[in-house]
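Visitor: After the structure tokens below, expect a handful of questions from me.
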Amino acid sequence: MDKELIIRSTPAEVDIALLENRKLVELHTESKDVNFSVGDIFLGSIKMLRPGLNATFLDIGIGKKDAFLHYTDIGPQIKSLCKYTAMACNKQYNTHILENFPLEPDNPKNGRIENVFKRGNLVLVQILKEPISTKGPRLTCEITLPGRYMVMTPFNNVVAVSKKITDQEERKRLKYLVESIKPKNFGVIVRTAAVGKKVADLHEEIRNLMAKWRKIHKELESNGKPGKLLSELDKTSSLVRDLMNDSFNRIVTDNKELHNSLRDYIKGVSPSQEKIVNYHNSKVPIFEKYRVNRQIKSSFGKAYTMPSGAYLIIEHTEAMHVIDVNSGPKAQKRNQEEAALAVNLESAEEIARQLRLRDIGGLIIIDFIDMRNFNNKQTLVKAMKDFMKNDRAQHTILPLSKFGLMQITRQRVRPELEINNLEQCSSCLGTGKVTPSIVLGDEMERSVDYIISSHPKAKIALQLHPYIHAYFTKGVFSKQWSWFMKYKKWIKLIPMEDFHLNEFKFIDVYNDEIRLN
């Protein structure tokens with residue numbers, strides 16, 4: 001499977017599109033002024049205990065909503081974590097190494113929050129979920145330090161290997177290697193990317209993760225007040241870290257600084273793949289070049305139509321998401337059971353993509369087309385599980401109910417991505433009337449006259465609708481050539497799929513729009 005990461009940078013945010021076999025499967029937006037993200041580690045102060053919820057609210061120094069911590073997220077090592085936090089803040093434990101740190105007994109699973117914390121206690125916490133709707137960020141005390149090959153967890157000595165590594169010999173090899181090189185009182189979870197790696201690679205990553213833990217310790221010693229101690233990698237780098245494998249064949253960005261940063265990062269973790277990072281230096285916008293805009297506009301909204309003519313209706317209620325599968329008017333006339341299975345399998349693949357693309361979480365109910373054959377139902381459930389194998393969010397898929405409904409739960413760590421793909425008609429502005437197409441060429445030519453008379457040496461390009469582009473470039477004596485003969489200047493024409501028919505825009509060599517008034 002070919003994987004591509006297309007990254008568009010603007011002054012306010014970075015948009016990241018993940019393509020698998022040229023198909024958009026994930027879309028992320030990273031604001032450049034964001035205060036925190038999933039994985040960031042903070043020092044928090046207990047602000048309010050809520051015994052009725054068996055939870056507590058914390059001040060983590062962001063000055064907005066209080067963060068939420070439930071008893072089930074404090075983890076069995078909470079006593080050791082609290083002890084370490086207090087000793088580091090009071091400068092009673094002056095090293096980040098835990099070899100001589102006396103671990104406390106594990107915390108019971110079914111305890112009470114008021115028996116663990118008192119108001120004003122300081123504790124290390126990590127962002128588990130970003131704010132969703134009116135809720136503040138959700139926290140966990142089970143601190144993890146993720147790397148490319150492994151994840152380190154302080155205050156335990158367990159070494160676990162990812163279940164996705166099925167080769168038993170490789171599992172034993174990795175576990176033996178990690179147990180021999182990991183520091184005492186640090187647990188390790190070995191990731192699938194570690195398959196086939198040598199001890200030197202694993203040891204280097206442990207050193208890098210320990211450097212992060214040392215930074216946290218220094219922050220605790222020097223500050224000791226609620227606030228951020230360690231930032232997770234920016235979303236772009238974290239996606240590269242988590243997804244990078246041999247099938248990852250291209251990363252393209254239109255930002256030179258980001259290009260250099262990603263190239264340096266990949267050079268450090270996988271030198272052989274350094275060349276897959278490319279800089280997009282073209283007048284054609286990057287999302288236009290790789291057809292991302294087109295896929296965004298066709299993939300979002302209440303209804304999505306598939307190539308066969310079958311379509312999905314996706315509804316969001318307060319409690320769940322509901323997806324209805326419809327065969328559509330173009331369904332082929334054949335055996336009803338076979339037709340239902342074919343539509344359901346096509347829909348299952350698209351639903352798996354839509355869940356990732358929109359980052360839909362919580363409870364999802366899917367109303368597939370009814371099938372009577374038990375084997376066909378089993379085939380559909382197996383196919384759904386296969387289609388969702390690449391989904392990094394934790395999920396559970398239940399078999400079809402007797403009513404033909406499938407229930408899926410999917411981990412939600414960020415707000416659902418919503419994009420309104422309906423546009424106001426910028427041609428008529430609601431009047432229902434537009435400029436006659438016959439005079440569109442004249443209007444463009446007047447604009448060319450004005451630009452060339454004002455800036456005779458300027459290099460310009462014209463962005464316009466693909467239909468108009470095809471008309472202006474057709475034949476030997478095309479409009480483009482007639483302009484060249486008239487102005488003795490070649491004007492590059494760039495088709496823009498997201499432009500309406502009468503829309504056009506002149507740009508300069510820096511891709512900035514040339515204002516005509």
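Visitor: Report the relative contact order of the stretch 126-284, percent, no decimals, based on alpha-carbon pairs under 8 angstrom and at least 6 residues apart.
Guide: 17 percent
Visitor: Extension gain Ser31-Gln407, at 0.36 nm per residue separation less the Cα-Cα distance, in nm?
Guide: Between Ser31 and Gln407, full extension yields 132.0 nm more.
Visitor: State the Kirkwood hydrodynamic radius of the stretch 83-227 in Å, one decimal place, computed from all pairs of distinct Cα atoms.
Guide: Result for the stretch 83-227 stands at 17.1 Å.
Visitor: Something else: How much length is gained if the chain between Ala470 and Asn110 is pulled fully straight, taking 0.36 nm per residue apart and subtracting their Cα-Cα distance, in nm to one decimal?
Guide: Residue separation times 0.36 nm, minus the Cα-Cα distance, leaves 122.7 nm.
Visitor: On full extension of the chain, what length is gained from Tyr487 through Asp201, given 0.36 nm per residue of separation minus the C-alpha to C-alpha distance?
Guide: Stretched out fully, the Tyr487 to Asp201 stretch lengthens by 96.8 nm.
Visitor: What part of the accessible area of the chain, given as a whole %, is carbon or sulfur when the probe is 1.4 angstrom?
Guide: C and S fraction of accessible area: 51 percent.
Visitor: For helix 336-358, what angle does its Cα long axis make with the longest principal axis of the chain, in degrees from 0 to 90 and rounded to 10?
Guide: Once rounded, one gets 70 degrees.
Visitor: Hey, another quick one. Over the chain, what is the percentage of antiparallel beta bridges among all DSSP beta bridges, to the nearest 5?
Guide: Of the beta bridges lying entirely in the chain, close to 75 percent run antiparallel.
Visitor: Ordering Glu20, Glu257 by how much accessible area each has at a 1.4 Å probe, largest first, what is the list?
Guide: Glu257, Glu20
Visitor: Also: Based on DSSP H runs of at least 4 residues, each adding -39500 (n - 2.57), what is the mean residue ellipticity at 222 nm of the chain after dividing by all its residues, to the nearest 500 deg cm²/dmol?
Guide: The helix-only estimate for the chain comes to -9500 deg cm²/dmol at 222 nm.
Visitor: Turning to a different aspect of this structure: Top to bottom by accessible area (1.4 Å), largest first, where do Ile189, Ile369 land?
Guide: The ranking, largest first, comes out as Ile189, Ile369.
Visitor: Going by a ≥ b ≥ c, the root eigenvalues of the Cα gyration tensor, does the stretch 460-508 fall in the rounded group (a/c under 1.5), the prolate group (a/b larger than b/c) or the oblate group?
Guide: Because a/c hits 1.5 or more and a/b fails to exceed b/c, the stretch 460-508 counts as oblate.
Visitor: Return one whole number: the accessible area per residue of the chain in Å², for a 1.4 Å probe.
Guide: Solvent-accessible surface per residue comes out at 54 Å².
Visitor: If R₀ is 35 angstrom, what is the calculated FRET efficiency for the pair Ile165 and Lys302, using the beta carbon separation as r and rounding to 0.05?
Guide: FRET efficiency, Ile165 to Lys302: 0.30.
Visitor: Distance in nm between label sites at Glu346 and Lys267, each 7 Å beyond Cα in the beta-carbon direction?
Guide: Here the modelled spin labels are 4.8 nm apart.
Visitor: Helix 374-387 against the longest principal axis of the chain: what's the angle in degrees, Cα atoms only, rounded to the nearest 10?
Guide: Approximately 90 degrees, to the nearest 10.
Visitor: For the stretch 466-477, what does the Karplus curve 6.51 cos²θ - 1.76 cosθ + 1.60, with θ = phi - 60°, yield as ³J(HN,Hα) per residue in whole Hz, taken in order and with x for Gly and Pro?
Guide: Along the stretch 466-477, the couplings run x, 5, 5, 4, 4, 5, 6, 10, 7, x, 5, 9 Hz.
Visitor: Quick check on packing: order 43-54, 110-121 by the mean number of other C-beta atoms within 10 Å, highest mean leading.
Guide: Ranking, from highest mean packing down: 43-54, 110-121.
Visitor: To the nearest 10 square angstrom, what accessible area does Tyr265 show with a 1.4 Å probe?
Guide: Surface open to solvent at Tyr265 totals about 50 Å².
Visitor: Under 16 Å between C-alpha atoms is the cut-off here; go through the stretch 73-134 and count lysine pairs that meet it, provided they're at least eight residues apart or on different chains.
Guide: Close lysine pairs found across the stretch 73-134: 4.
Visitor: Ignoring solvent entirely, what values of log10 I(q)/I(0) come out of the Debye formula for the stretch 1-126 at 0.10 Å⁻¹ when each Cα is a single scatterer?
Guide: So the normalised log intensities work out to -0.51.
Visitor: Still on this structure, please answer the following. Which Cα, out of Asn115, Phe155, Ala86, lies furthest along the positive dipole direction of the stretch 82-186 (beta carbon charges, K/R +1, D/E -1)?
Guide: Asn115
Visitor: Sticking with this structure for a sec: Output the 0 to 90 degree angle, nearest 10, between the alpha-carbon long axis of helix 256-269 and the longest principal axis computed from the alpha carbons of the chain.
Guide: Tilt of helix 256-269: around 40 degrees.
The values are calculated or read from the model by the stated rules, or taken from the named source; none is laboratory data. Only a predicted model underlies this, so the values are computations on that prediction, with no experimental measurement involved. All Cβ positions, even for glycine, are placed from backbone atoms using ideal geometry, and neighbour counts span all protein chains on display. Please note that ligands, DNA and RNA were not included when accessible areas were found on the heavy atoms of the full protein model with its side chains. Shrake-Rupley method; radii C 1.70, N 1.55, O 1.52, S 1.80 Å.
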